[in-house]
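Q: Before I ask anything, here is the structure I am working with.
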Amino acid sequence: MENSVSSARPWIYLGAYFVLWAIVLVFLRSFEGFETSDALAALVILGVAFPALAMLATRRVSVLPSVVHRPRIEAASLLMYLAVVAWLLVLGFDRLAHFSIEPWHSAAVLGVKLVEFVVIPSAIIMTVGHYKIAELMPISLRWRELHPALWMSVAALLMQSFLGRGLHDIREAHLPIWVLSVATPLSFAWLMIEVGVVEEFFFRVLLQERLAAVLRSPWGGLVVAAVLFGLVHAPGFYLRTAATQEALGSHPSLFMAVGYSIILTSLTGLFLGVLWMRTKNIAVLVIVHAAGDLLPNLVPWIKAFHLMR
């Protein structure tokens, strides 16, 4: 009986996620006139195809050891801290927005993110769970453990090339070859820190792992962390739409921002969560997340660092 319940749990959590996703989509369409075609395409690609590809790419990869000393108190500490961070994101947005001189604005945002999502959470978990630094960040740079990052990065770049607007923006910018040659690796390295280390360390390495331990289900931790990963982007969608490059209109409602974060952004957390569950290697997640954000962020990064006029 215990084995059957355990085997059913992935489908219970995934089923609950897709029910939530469908309900939110229906409400967005009914009350906000949201176009469903992009959301359905994202569901098929990010919610089904990419997790399946992640499972396939990691089938021969060794899972790195990862320990959780005090699951309940550590998970509770992270959830309370995340609520505080969400409040601070809303409260402190105006101050950062007024500081708009680039590239200092981008550097300041990165510094704040590193403190909020890496330094402080690390200190909390190390204090509560008595960890060593190496225990909090399992990593392997061996090719055998890294090759899933190659396949998933190629898939992410192809998706952005055909379905995103990144390549269109690059073509429209008429960038010299030398600018692209210099900016592409530098932008990728920047994104590895800004979205890779910052977001993946907190949401996958810390939060998902501890939620999985509390729920006694890797899939349960994955689904809950993916939803929270989406929701934490809602303040940004609501307060700085123009900077996010999302198709939300000029002044989205709070309901639209929250709903959008669930039906689109959380899908990214879903397949990244599969990668973490199957590898426990933060290097894989850092590379894939940066690759997925590279094309849409390349031109804004080049402008921010004054490599073009």
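A quick yes/no check of all residues on (1) within 22 Å of SER153 (Cα to Cα); (2) crowded, with 21+ Cβ neighbours inside 10 Å; (3) in contact with a Pro (Cβ under 6 Å, 6 or more places away or on another chain):
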| residue | (1), (2), (3) |
| --- | --- |
| LEU254 | no, no, no |
| ALA257 | no, yes, no |
| ILE262 | no, yes, no |
| LYS280 | yes, yes, yes |
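Each row is one residue, and each column tells you yes or no for (1) modelled with pLDDT under 95; (2) among the hydrophobic types (A, V, I, L, M, F, W, C); (3) closer than 30 Å to ARG70 by Cα.
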| residue | (1), (2), (3) |
| --- | --- |
| PHE229 | no, yes, yes |
| SER253 | yes, no, no |
| LEU267 | no, yes, yes |
| GLY292 | no, no, no |
| LEU298 | no, yes, no |
| HIS306 | yes, no, no |
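Q: Something else: Looking at the range 88-148, what helices (runs of 4 or more DSSP H) fall wholly within it and have at least 2 residues that are among the hydrophobic types (A, V, I, L, M, F, W, C), modelled with pLDDT of 90 or more and loosely packed, with under 15 Cβ neighbours inside 10 Å? Spell out the reasoning first.
A: Numbers: elements: 93-98, 104-114, 120-129, 133-136.
Answer list for the range 88-148: 104-114, 120-129.
Q: If VAL179 satisfies all but one of (1) within 19 Å of ALA283 (Cβ to Cβ); (2) in contact (Cβ under 8 Å) with a residue 60 or more places away in the chain, what's the number of the condition it fails?
A: VAL179 satisfies all of (1) within 19 Å of ALA283 (Cβ to Cβ); (2) in contact (Cβ under 8 Å) with a residue 60 or more places away in the chain except (1).
Q: Which of (1) farther than 22 Å from PRO51 by Cβ; (2) surrounded by 14 or more Cβ atoms within 10 Å (Cβ to Cβ) is the odd one out, the single condition GLY196 does not satisfy?
A: (1)
Q: Right, here's the next one. The conditions are (1) assigned to a helix (DSSP H, G or I); (2) at pLDDT below 95; (3) surrounded by fewer than 16 Cβ atoms within 10 Å (Cβ to Cβ), and ILE170 fails exactly one of them. Which is it?
A: (3)
Q: Among the residues of the range 65-78, are any free of Cβ contacts under 8 Å to residues at least 24 places away in the same chain, touching a helix residue (DSSP H, G or I) at 6+ places or on another chain (Cβ under 9 Å) and closer than 27 Å to PHE18 by Cα?
A: Step one: list which residues in the range 65-78 are free of Cβ contacts under 8 Å to residues at least 24 places away in the same chain, which gives 76.
From what is left, the residues that are touching a helix residue (DSSP H, G or I) at 6+ places or on another chain (Cβ under 9 Å) are 76.
From what is left, the residues that are closer than 27 Å to PHE18 by Cα are 76.
There is at least one residue in the range 65-78 that is free of Cβ contacts under 8 Å to residues at least 24 places away in the same chain, touching a helix residue (DSSP H, G or I) at 6+ places or on another chain (Cβ under 9 Å) and closer than 27 Å to PHE18 by Cα.
Q: Give ALA242, ALA247 a once-over and let me know the one that is modelled with pLDDT under 95 and either closer than 27 Å to LEU14 by Cα or in contact with a strand residue (DSSP E or B) (Cβ under 6 Å, 6 or more places away or on another chain) (or both).
A: Just a single option satisfies the conditions, and that option is ALA247.
Q: Scan the range 54-77 residue by residue and report those that are assigned to a helix (DSSP H, G or I), crowded, with 18+ Cβ neighbours inside 10 Å and of a type outside the set (Ser, Thr, Tyr). Before the answer, list the steps.
A: The first filter runs over the range 54-77 and keeps only residues assigned to a helix (DSSP H, G or I), leaving 54-57, 71-77.
Remaining after also requiring crowded, with 18+ Cβ neighbours inside 10 Å: 54, 57, 71, 74-75, 77.
Matches in the range 54-77: ALA54, ALA57, PRO71, GLU74, ALA75.
Q: Specify the residue that is nearest to PHE305 (Cα to Cα); the eligible residues are those in the range 173-221 that are part of a helix (DSSP H, G or I) and charged (D, E, K, R).
A: Among those that are part of a helix (DSSP H, G or I) and charged (D, E, K, R), it is GLU194.
Q: Let me ask something else. Say whether the condition of being of a type outside the set (A, V, I, L, M, F, W, C) and touching a residue at least 60 places away in the same chain (Cβ under 8 Å) is met by at least one residue in the range 20-30.
A: No, there is no match, as no residue in the range 20-30 is of a type outside the set (A, V, I, L, M, F, W, C) and touching a residue at least 60 places away in the same chain (Cβ under 8 Å).
Q: Across the range 257-309, what is the total count of residues that are in contact (Cβ under 8 Å) with a residue 12 or more places away in the chain and out of contact with any helix residue (DSSP H, G or I) (no Cβ under 7 Å at 6 or more places or on another chain)?
A: The total comes to 5.
Q: So for the range 38-50 (the condition being surrounded by fewer than 15 Cβ atoms within 10 Å (Cβ to Cβ), at pLDDT 95 or above and in a loop (DSSP other than H, G, I, E, B)), does at least one residue qualify?
A: no
The values are calculated or read from the model by the stated rules, or taken from the named source; none is laboratory data. All of these numbers come straight from a predicted model, not from anything done at the bench. Every residue, glycine among them, receives a Cβ derived from its backbone with ideal geometry; neighbour counts consider all protein chains shown.
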